[in-house]
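Participant: Below: one structure in structure tokens.
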Amino acid sequence: LYNESTIPYISLGHSLDDFKKSSVQVNSFSISQKVARHLIEEGYRNFAYVGTKNLNLKNDIRFAAFQMELNANGFELDPKNTIRISTEAHSDESRIFQLLKRQIEPVGIFCYHDLLAVEIYRICNLLSKRIPEDVGIVGFDDLSIATSLSPPLTTIQYRIASMADMTVNLLMTSIRSSNAPYDNYYVEPNLVIRNSSTLSDRNR
């Protein structure tokens, strides 16, 4: 599909760098590094990553950037604290239980998307784990449910207007010249900090 089309793309999740087509993409790498720095600054010293089964670790840019930034700041991401689940698979619930039950100290968790974060909330409630005192949570997508959770979810918000403007410019360029070279633009989204990850506020 990508190879056959002549129009530029907007991608919110997957990388399109392997396709020689113009695109506007989310800079998942830099924002995931920012998530790691945020959790460290808030005082977390134990970390976890919850990804989706639809994307393996090798192709998960968010995981790679999160882990790299933790390492750069002298912290390790325990392989046991990295899991990949599906929000539709009830069998994965036990994996989240196990992840949370073995945490002795506060843990900062980065979730590939907000629906995974919602699952973490639900199981924290079942285990009487406090957010953010015991479990800090950061999601990705800033779905409408993010502000309805208690406490509200820290998450990543796309800069849709900027991405749309860039894509229109790419489209106009391709209309003016069918031989225009392809180009990829990367837009860093916003880290919207809410109470699900503000551990330092609770320690003051």
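The values are calculated or read from the model by the stated rules, or taken from the named source; none is laboratory data. Given the structure is predicted, the values throughout are model-derived calculations rather than measurements. Virtual Cβ from ideal backbone geometry, glycine too; neighbours counted across all protein chains shown. With ligands, DNA and RNA removed, areas are computed over all heavy atoms of the protein, side chains included. Shrake-Rupley method; radii C 1.70, N 1.55, O 1.52, S 1.80 Å.
Participant: Among the numbered criteria (1) touching a residue at least 40 places away in the same chain (Cβ under 8 Å); (2) in contact with a helix residue (DSSP H, G or I) (Cβ under 7 Å, 6 or more places away or on another chain); (3) part of a helix (DSSP H, G or I), which single criterion is violated by residue 149?
Facilitator: Residue 149 satisfies all of (1) touching a residue at least 40 places away in the same chain (Cβ under 8 Å); (2) in contact with a helix residue (DSSP H, G or I) (Cβ under 7 Å, 6 or more places away or on another chain); (3) part of a helix (DSSP H, G or I) except (3).
Participant: Answer yes or no: is there a residue in the range 15-35 that is open to solvent by 40 Å² or more (accessible area, probe 1.4 Å), at pLDDT below 90 and more than 30 Å from residue 181 (Cα to Cα).
Facilitator: no
Participant: Can I ask one more? Looking at (1) hydrophobic (A, V, I, L, M, F, W, C); (2) surrounded by fewer than 19 Cβ atoms within 10 Å (Cβ to Cβ); (3) farther than 28 Å from residue 26 by Cα, which one does residue 115 not meet, given that it meets all the others?
Facilitator: (3)
Participant: Still on this structure, please answer the following. Quick one: count up the residues across the range 129-140 that are touching a residue at least 40 places away in the same chain (Cβ under 8 Å) and open to solvent by 30 Å² or more (accessible area, probe 1.4 Å).
Facilitator: 1
Participant: Oh, and also: Within the range 160-187, work out how many residues are in a loop (DSSP other than H, G, I, E, B) and either among the aliphatic types (A, V, I, L, M) or at pLDDT 90 or above (or both).
Facilitator: Final tally of qualifying residues: 1.
Participant: Would it be correct to say that residue 102 is modelled with pLDDT under 95, under 20 Å from the mean Cα position of the chain (by Cα), farther than 30 Å from residue 20 by Cα and open to solvent by 40 Å² or more (accessible area, probe 1.4 Å)?
Facilitator: Details: modelled with pLDDT under 95: yes; under 20 Å from the mean Cα position of the chain (by Cα): no; farther than 30 Å from residue 20 by Cα: yes; open to solvent by 40 Å² or more (accessible area, probe 1.4 Å): yes.
So residue 102 does not fit the description; no.
Participant: Being on the phi < 0 side of the Ramachandran plot, at pLDDT 95 or above and within 18 Å of the chain's Cα centre (by Cα) is true for just one of 85, 145. Which residue is that? Walk me through it before giving the result.
Facilitator: Working: 85 fails: at pLDDT 95 or above.
Going through 85, 145 in turn, just one is on the phi < 0 side of the Ramachandran plot, at pLDDT 95 or above and within 18 Å of the chain's Cα centre (by Cα): 145.
Participant: Further, regarding this structure: If you take just the strands (runs of 3 or more DSSP E) that sit entirely in the range 42-128, which of them hold at least 1 residues that are in contact (Cβ under 8 Å) with a residue 60 or more places away in the chain? So that I can check it myself, show each step before the final result.
Facilitator: Numbers: elements: 47-52, 82-85, 107-111.
Hits in the range 42-128: 47-52, 107-111.
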